[in-house]
């Protein structure tokens, strides 16, 4: 049985989509229906392999993996906020400017006014929320397209950045903020020898093992719950294979990080955000309604979804995440500058679309956006390792973005050809 | 021999799963006004689309002879070149452009690629004089009323040297004065030798203006009446339009009518787009437990507008009137209020307003009742799955699993998904707007069965339908709506199509 049993005339009543029995325990759809979604992970794996070969393995060296994560953390954080906005059918062009202005606010608070760093960070996040509320108001309640509102925001918040900074960089930041951006978790448990791989941080390894075990356990429990509801699940070997594969990949990265220094703080932060936002988008009523709004605005409205409120809050959320990225970026450079965050929004948007978001809205995943961001990060990093000039990096990134969206449009056209 | 400007013979047009036209014949004499009558969905508009090339040659069978020439139009441009111009019900004017620009859109008065504005505006003024519209040609179309816009459309048609002018429901959105002016204009054009084909539901206008009338029913030509030859009354037309027998297309229905659930009192709604035109005017309806109530009305009568405005003011402005639910007055400010008060509305356009076509069955079923599946904001996905699975079985939704994307389902199965979504919200009142539109006969029967079951469970059901046999076969009681007013209320036993059609076509001038 095929996955898209739709004839050229459209499915007739009781026709090909008819009640073909599905034997329990087998799922004709599960493996194939997600081709569009899983294509991105395959592409990511291929790109990693490609650059590992091209760089003679330098790409996967412990320090390089750590670098890729730390250098791109702020883009990935922005991508999380951006994917929610894109799922809802909007866009945010102001993210880079918001990164700049919130970094500047944090700098003025900590450097010029000597505010304690936790309070300063909290105030900065609130400022980000206020910026998001400002934009969300015009978009959701006043009805101005997000493209225009955030284009204006891009200019306004860049201007505010310059005003706040008095047109010069402010730094250095307190150590704690720099640690959050650049630093690693202390080596509380000391090192352990891994034979030919040399020494590695024990705490990191423990965290890795706990993570994989927790992942396996939750998957196992979810599987059991589904079986309890008489749902179709993956056959046991496939289930074990998936868990095993995920475990091996996570542990490989963890081991490499443990061999370098330790877990970067931003990675911990990112992991928490990815987990939290994945849950929000898949399991929370709020998250599910973002998809409803983006998938069919009128149908969502007529189903009792508070469309305006949802639109407003995803922009508030974007503001907070942009402020977080702003703090981390400024901490990493140890200075808040007037040009900080330039064009970050474009990287975040590209990450979302490479990660499988649909231009029309209604489709997208947090993990997809993160993968999209990592694809660009690996291309950036890999190409600079082999000494490619920056114009060529830009060229490749542009073409990858185009190819990703072309693939999305193509698969959709094929799926929709029957209608 | 009569001089026919147009002969369409044996026209058959099939859409996936539906035969829209079957062996239709239409002959229009030169220089007459020819009316086409039929119920909604009878195939009138499809026939005109075949004629004008919107449905290109090859997508239908049969032959078209215009002005003695066999025609095979592949686009609307081809038909326009021969002088066939169609004016659709929804006007195709660019709102922000001027009258003159609209008249010559796609046909610009230009030399060497540059538009000659003096020539354009002068020619436009001349055309406006012909249609009796006193407006400056440089006025943006958005600034003139819908009646005048209709005249601009006709001026545009005249600019193309029109020989056969087709008007689809030209007066549906017009007030009486504008309608009268338009009909006068058509008579004037007839005297100039221009043939018109007019599709209209307003039978009084048709008997007044038409020289001959072709009646279409279920995609077939029923008859052509010569208005001058004998007395053609509105009743005569109605009997031609509805004259079909009721087959066994409806499941048996036993009614157990209970207490009043919802009373709609003095309900008035205005159209935000058409300058605040009143589309529902002081309507009064009563819905009772276990009762299936029909709402009959022609296109533009205000049925959907009435339903959606009741459903949490999801359409319209200037809404006034009272809603009394279970004896208590309720105020529904939005859709959430409506759902919370046990009211559900299934839209006539399920693809635009009913479904998220890129999502699966499960997520569509849960869309309106999602809070019921959640604890503290978190959805229990397994519970959601089993709810969807339950409806897939009980509603007989034909799909391999509830993870099937709704966009790939057939119309009948999509409608069952939408119904499931609303039944899951556990409403007391269900408003079903054209619940069987675009659905095959077999699936229609299933939908009727579901509606019967809902009533048997004690829910009040209001069915809006353009198909009178459907209302007659399904409903305990039927309201007729005409031009925004409830013009009649008929019990099942006394209901006939002729009687309903009389109420439905009752214009305001005929009311005492």
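Where a number appears in this text, it was derived from the coordinates with a stated rule and is not lab data. All of these numbers come straight from a predicted model, not from anything done at the bench. Please note: Cβ atoms are built from the backbone with ideal geometry, for glycine as well, and neighbour counts cover all protein chains shown.
The angle separating the long axis of helix B:381-394 from the principal Cα axis of greatest extent in chain B is about 70 degrees.
Would you mind classifying chain A by shape? Square roots of the alpha carbon gyration tensor eigenvalues, ordered a ≥ b ≥ c; an a/c under 1.5 is rounded, otherwise it is prolate if a/b is larger than b/c and oblate if not. Could you put the intermediate results ahead of the total?
Details: a/c = 1.76, a/b = 1.21, b/c = 1.45.
Taking the square roots of the gyration eigenvalues as a ≥ b ≥ c, chain A is oblate.
Paramagnetic label reach from residue A:386 (point 7 Å along Cα→Cβ; backbone nitrogen cut-off under 15 Å): within the stretch A:47-91, residues A:47-60.
Can you give the FRET efficiency to the nearest 0.05 for residue A:159 and residue A:360, using r as the Cβ-Cβ distance and R₀ = 41 Å? With a Förster radius of 41 Å, E is 0.80. Beta bridges per DSSP, both residues in the protein assembly as shown: antiparallel share near 60 percent.
Taking 0.36 nm per residue of sequence separation and removing the Cα-Cα distance, the residue B:277/residue B:499 pair yields an extension gain of 77.1 nm. Each peptide among B:305-312, A:168-175 gets the average number of other Cβ atoms lying within 10 Å of its residues, and from highest to lowest they stand as B:305-312, A:168-175. Pairs of Cα atoms in the stretch A:153-225 fall into 5 Å distance bins, from 0 up to the last occupied one, in shares of 3, 12, 9, 10, 12, 11, 8, 8, 11, 10, 5, 1 percent.
Based on the Cβ-Cβ distance from residue B:333 to residue A:144, what FRET efficiency comes out when R0 is 25 Å, to the nearest 0.05?
On the way: r = 24 Å, r/R0 = 0.95.
The pair residue B:333/residue A:144 has a calculated efficiency of 0.60.
Between 0 and 90 degrees, rounded to the nearest ten: what's the tilt of helix B:146-159 against the longest Cα principal axis of chain B? In chain B, helix B:146-159 runs at an angle near 40 degrees to the longest axis.
What area, in nm² and to one decimal, does the C-alpha convex hull of chain B cast on average over all directions?
Values: hull surface 107.0 nm².
Result: a mean projected hull area of 26.8 nm².
Rounded to the nearest 10 degrees, the angle from helix B:441-456 to the longest Cα principal axis of chain B is 50 degrees. Working from label points 7 Å from Cα in the Cα-to-Cβ sense, the residue A:342 to residue A:261 distance is 2.7 nm. The Cα-based radius of gyration of the stretch B:357-437, divided by its Kirkwood radius, gives an Rg/Rh of 0.96. Is the stretch A:43-151 best put as rounded, prolate or oblate by its Cα gyration tensor, with a ≥ b ≥ c the root eigenvalues, rounded for a/c under 1.5, and otherwise prolate when a/b is larger than b/c, oblate when not? Cα axes put the stretch A:43-151 in the oblate bin. Taken along the Cα-to-beta-carbon direction at a fixed 7 Å, the label points for residue B:208 and residue B:231 span 2.1 nm.
For the stretch B:4-242, how big is the tail of P(r) above 25 Å, as a whole percent of Cα pairs? Show your work: numbers first, answer last.
Values: 11936 of 28441 pairs.
It works out to 42 percent of all Cα pairs.
Taking beta carbons within 10 Å but only from partner chains, what does the mean come to for residues B:400-408?
Numbers: counts 12, 8, 1, 6, 4, 3, 0, 5, 12.
Partner-chain Cβ atoms within 10 Å, mean over residues of B:400-408: 6.
For peptide A:291-301, how many partner chain Cβ atoms fall within 10 Å of a residue's Cβ, on average? Don't jump to the answer; show the numbers that get you there.
Working: counts 5, 8, 1, 2, 8, 11, 3, 6, 16, 5, 5.
Shielding by partners across A:291-301 averages 6.
Remark: C-alpha extents of the stretch B:423-510 on the principal axes read 44, 27, 24 Å, sorted largest to smallest.
The fraction of Cα-Cα pairs per 20 angstrom bin, counted from 0 for the protein assembly as shown, comes to 12, 36, 33, 16, 3, 0 percent, rounded to whole percents. Using a simple spin-label model with pseudo-atoms 7 Å out from Cα toward Cβ, residue A:45 and residue B:119 lie 6.7 nm apart.
Taking each residue as 0.36 nm, the span from residue B:72 to residue B:129 lengthens on full extension beyond its C-alpha to C-alpha distance by 17.1 nm.
Kindly provide the Kirkwood hydrodynamic radius of the stretch A:316-419 in Å, to one decimal, from all pairs of distinct alpha carbon atoms. Spell out each step's value before the answer.
On the way: mean 1/r = 0.0646 Å⁻¹.
Roughly 15.5 Å, rounded to one decimal.
Taking the alpha-carbon centroid of each part, what is the distance from the stretch A:134-172 to the stretch B:52-127 in angstrom? Cα centroid of the stretch A:134-172 versus Cα centroid of the stretch B:52-127: 47 Å apart.
Give the order of B:422, A:134 when sorted by the count of other beta carbons within 10 angstrom, beginning with the fewest. Each step should come with its number before you reach the end.
Details: B:422 24, A:134 17.
Neighbour counts put them in this order, fewest first: A:134, B:422.
Kirkwood-type hydrodynamic radius, the stretch A:189-243: 13.5 Å, calculated from all non-identical alpha-carbon pairs.
Beta-bridge orientation, chain B: approximately 60 percent antiparallel, per DSSP, counting only bridges with both partners inside. Counting only other chain Cβ atoms within 10 Å of each residue's Cβ, the peptide B:357-364 averages 5. Between A:154, A:236, A:383, the residue with the greatest mean-square fluctuation in the GNM of chain A (Cα pairs under 10 Å linked by springs) is A:236. Residues within the reach of a label modelled at residue B:142 (point 7 angstrom out along Cα to beta-carbon, backbone nitrogen below 20 Å), restricted to the stretch A:122-145, are A:139, A:142-145.
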